[in-house]
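Notes follow the structure.
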């Protein structure tokens, strides 16, 4: 029995309900305009593109929900909701960002002039290597010339939002970016609409996110989506944390490494128990398939 008033946007159902439909794309446009860099311009309209072309694995489709869009200039925006830690997360992000780049290739004579690509990752976790930067929620990453400190290439931009780091209260919200971060992080916990979120765009979010307004079929679909979210997040986060904790408890470099490897194996085992194949689980956890046989 669902007790929350509003849906969790980190579920497949919730993400698509808020951002993934043509009738609600004004919400996605408003969200992107609140966080994209100035050189992206102001987005007035977007067209959705198919996402099947990226060939994501079964696990990626369960842990990551993505939308692909273009604006009137042909710029591509990939918006991902990532709800669980992954090995080689940054490698995966770069890999999938390469698809819209390659797809711009033209037959015959072509000057290689590319349209900009923006990868936006909304994260329900914190980068392990970024634990010390407690106050940095919004990361904007470009190819940089370390010798000059200048941007070397400005047509490929990665934006990551580490939402667990966003700690402002409802009374402290000032910018639209603040308000979107607060909403995405706290929506399932809210019982009413905060005073600082009275703008029309946020009113629409609350309206479409209210579970009581759903048909029995929609409510059941959301409940199934919520269960998958909780099970997958618990399996992966718990296993990763246990592996790190065990390694630290050893107190030695070799003991730490061994503990981390055991943690990875535990991740793989739990993924297999959740219904994933040994090959997929081993690939996600970064261990040999033989360890699961």
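Computed from the coordinates by the stated procedures, all read-outs in this text should not be read as laboratory data. A quick note: this is a predicted structure, and the numbers were derived from the prediction, not measured. Here the Cβ positions follow ideal geometry from the backbone for every residue, glycine too, while neighbour counts run over all protein chains shown.
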Mean Cα-pair separation over length for the stretch 129-176, i.e. relative contact order, pairs under 8 Å, 6 or more apart, %: 37
Return 225, 147, 47 ranked ascending by Cβ neighbour count within 10 Å, so the fewest neighbours appear first. 147, 47, 225
What's the center-to-center distance, using Cα atoms, between the stretch 140-172 and the stretch 203-227 in Å? 32
Need one number: % antiparallel among DSSP beta bridges in the stretch 12-213, to the nearest 5. 55
Relative contact order [Cα under 8 Å, 6+ residues apart], the stretch 12-213, whole percent: 17
Out of all DSSP beta bridges with both ends in the stretch 65-147, state the antiparallel percent to the nearest 5. 45
